[in-house]
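Participant: Supplied in structure tokens, the structure appears directly below.
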Amino acid sequence: MKKILIFSLITVFTVSILLIGTSCKAEEAVEEVEEAEEAEEAVTEEEEVVTEEEEKEPVKFTWWHIQTVAEQALVWLDLADEFMAENPHVNIDITGYENENFKAKLTTVMQGGEPPDIFQSWGGGTMIEYAKAGLLRDITSFLEEDNWASETFTTGLSAFKYQDKYFGVPRDMGIVGFWYNKDLFSQAGVDIPTTWEGFLETCQTLKDAGITPIAIGEGDKWPGAFYWEYLATRIGGEEGFNAAYSRAGSFADKPFVEAGEALADLVALNPFQSGFLSAVWEADASVTFANGDAAMILQGQWGAGQFESVNADIMDKLGWFPFPEVEGGAGGPYDAIGGGNGFIIGKDAPDEAVEFLKYISSVDSQIAQVGLGMAMPVVKGAEVALEKETDKLIAEGLSKAEYYQLYYDQFFAAAVGSVINDNIQGIFAGTMTPEQVAQAIEDAVAQEMD
């Protein structure tokens, strides 16, 4: 009986092992089949993608940029190569032009009604003229897809907008603000002014200490226009500008006249270096400031690089603050006057050109540009590439701006921009009243727009 029981147990055990082994082999076989099926599906999907790509019609588009420095141009070339590798049916014809040569070439093709598919733009007036002439493609719907606009850009989009339509995107935007010499401020015992009245007092205190308060290159005219434009922005705010521009109001309205009056108050203090009316920004004003012969200069984000090229020692003393607030004004304390670079889309550009514009607007692309000094970041997350403290100050100012106004001489057509700069210089020279300046600007805008 015991032998039978033992034999039965051995038999059951053996059968169990055989069953387990069979089960394991079965499971392995099933897994192998499943893996084979998955591999086959993957190959099929890949073949389908390749087939779909082969079925796409070849697309070629042109791209004009102004990066002529080798390492900067290489950023664009690498991105184009990556995009074409991912989209074999696309061929991008890339041309890099020197700035003035670009403008000349662009004028020629625009007059012929044949714009490049993607090309450099500063936005504003010239872009608007192209849009009015039907030379640009509206990309608003693309910006709304997948929240491209809201999830990508921090600032600058408004410079590429006309009548609620977008024709391009920014890649580099900065702002104008006051660069100042910390040592000279300390020597005179003054702090950063936050209001216009406080700014005037700071200028007087610096003068009393034997320090020239402000360097300016008014021979170029546009540096002085920054003062009037900022004062108009602080006094009238975005609403004031939009009213005048929409023709519901006028550039001769109160905010613009008061901007001239506030500027005249500054000029009356005689706070500028000797010969400021004939001095130019690069050769004169920047040198005066960089060498420590003036305490402040109102200039764009490019200022720090220029100062450093003149006198590297200035960098240890260099500070920055936003244009002071005008008490009682409608504008915010961080509303900004500025500008920069971007790309717009030609009227006949294919969808792939817009998709490529989206591709080069990535955070990785921006980080590469910022790292090479090609751009101030306008894409969320790219600010991590900023290393210089001066650049970080500019980026912080940009991030606080609720209203961003493109320089007037870029926002308007060139003919109007010249009138603005020419007439504002009249306040610095004491040859025109604030009312006369505002009316001259209004007349130029009315003639252009009516």
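Participant: Using only alpha carbons, build the gyration tensor for segment 120-236 and give me the equivalent ellipsoid semi-axes, biggest first, whole Å.
Facilitator: Details: eigenvalues 325, 55, 28 Å².
Over the Cα atoms of segment 120-236, the ellipsoid semi-axes are 40, 17, 12 Å.
Participant: Kindly give the semi-axes, whole Å and largest first, of the ellipsoid equivalent to segment 369-438, taking each as the square root of 5 times a Cα gyration tensor eigenvalue.
Facilitator: 35, 13, 12
Participant: With point charges of +1 on the Cβ of Lys and Arg and -1 on the Cβ of Asp and Glu, referenced to the Cα centre of segment 218-376, which listed residue (Gln299, Met376, Ala349) lies farthest in the positive direction of the dipole?
Facilitator: Farthest towards the positive pole: Ala349.
Participant: Could you derive backbone 3J(HN,Hα) for segment 170-181 from the dihedral phi with the Karplus parameters 6.51, -1.76 and 1.60 (θ = phi - 60°), listing whole Hz in sequence and x where the residue is Gly or Pro?
Facilitator: Whole-Hz 3J(HN,Hα) from phi for segment 170-181: x, 10, 7, 9, x, 9, 8, x, 8, 8, 9, 9.
Participant: So what J values fall out for segment 310-319 if you push phi through Karplus, 6.51 cos²θ - 1.76 cosθ + 1.60 with θ = phi - 60°, rounded to Hz, Gly and Pro as x?
Facilitator: Using θ = phi - 60°, the values come out as 7, 8, 4, 5, 5, 4, 6, 10, 7, x Hz.
Participant: Additional query: Using Cα centres only, tell me the gap between segment 153-217 and segment 271-304 in whole Å.
Facilitator: About 13 Å separates the Cα centre of segment 153-217 from the one of segment 271-304.
Participant: Would you calculate a helix-derived [θ] at 222 nm for the chain, using -39,500 (n - 2.57) for each DSSP H run of n ≥ 4 and dividing by the full residue count, to the nearest 500?
Facilitator: Result for the chain: -17000 deg cm²/dmol, rounded to the nearest 500.
Participant: Something else: In µm²/s, what is D for segment 98-158 at 20 °C and 1.002 mPa s, where D = kT/(6 pi eta Rh) by Stokes-Einstein and Rh is the Kirkwood radius from Cα pairs?
Facilitator: The Stokes-Einstein estimate is 162 µm²/s.
Participant: Per residue, how big is the convex hull around the C-alpha atoms of segment 209-337? Give it to me in cubic angstrom, could you?
Facilitator: Numbers: hull volume 15.0 nm³, N = 129.
Roughly 117 Å³ of hull volume per residue.
Participant: Which shape class, rounded, prolate or oblate, goes with segment 225-279 when its Cα gyration tensor gives a ≥ b ≥ c as root eigenvalues, a/c under 1.5 marks rounded, and past that a/b bigger than b/c marks prolate?
Facilitator: Verdict is prolate for segment 225-279.
Participant: Here is a follow-up. Please report the net charge: other residues with Cβ closer than 14 Å to the Cβ of Ile128, K and R +1, D and E -1.
Facilitator: Neighbour charge sum, excluding Ile128 itself: -2.
Participant: Using a 1.4 angstrom probe, figure out how much accessible area the chain has per residue, in square angstrom, rounded to the nearest whole.
Facilitator: So the chain comes to 48 Å² accessible per residue, rounded to a whole number.
Participant: Restricting to the chain, what percent of DSSP beta bridges are antiparallel, rounded to 5?
Facilitator: Working: 23 of 38 bridges.
Expressed as a percentage, antiparallel bridges in the chain total about 60.
Participant: If you don't mind, there's one more thing I want to ask. Suppose R0 equals 25 Å; then what is the FRET efficiency for Asp93 and Asp364 from their Cβ-Cβ distance, rounded to the nearest 0.05?
Facilitator: So, using R0 = 25 Å, E works out to roughly 0.60.
Participant: Over what distance in Å are the Cα centres of segment 380-450 and segment 229-269 separated?
Facilitator: What the calculation gives is 11 Å, centre to centre.
Participant: For the chain, what does the equivalent ellipsoid look like in terms of its semi-axes, each the square root of 5 times an eigenvalue of the Cα gyration tensor, given largest first in whole Å?
Facilitator: 60, 29, 20
Participant: Which angle between 0 and 90 degrees, to the nearest 10, do you get for helix 99-111 versus the longest principal axis of the chain when only C-alpha atoms count?
Facilitator: 80
Participant: Turning to a different aspect of this structure: First check a/c for segment 300-439, with a ≥ b ≥ c the square roots of the eigenvalues of its C-alpha gyration tensor; if it is under 1.5, answer rounded, and if not, answer prolate when a/b is larger than b/c or oblate otherwise.
Facilitator: Oblate, since a/c reaches 1.5 and b/c is not below a/b.
Participant: Along the Cα-to-Cβ line of Gln111, 7 Å from the Cα, sits a label point; which residues in segment 336-359 have backbone N less than 19 Å from it?
Facilitator: none
The values are calculated or read from the model by the stated rules, or taken from the named source; none is laboratory data. Since this is a predicted model, take the numbers as computed values, not measurements. Cβ: placed from backbone, ideal geometry, glycine included. Neighbour counts: every protein chain shown. Surface accessibility is based on the protein's heavy atoms, side chains included, excluding ligands, DNA and RNA. Shrake-Rupley method; radii C 1.70, N 1.55, O 1.52, S 1.80 Å.
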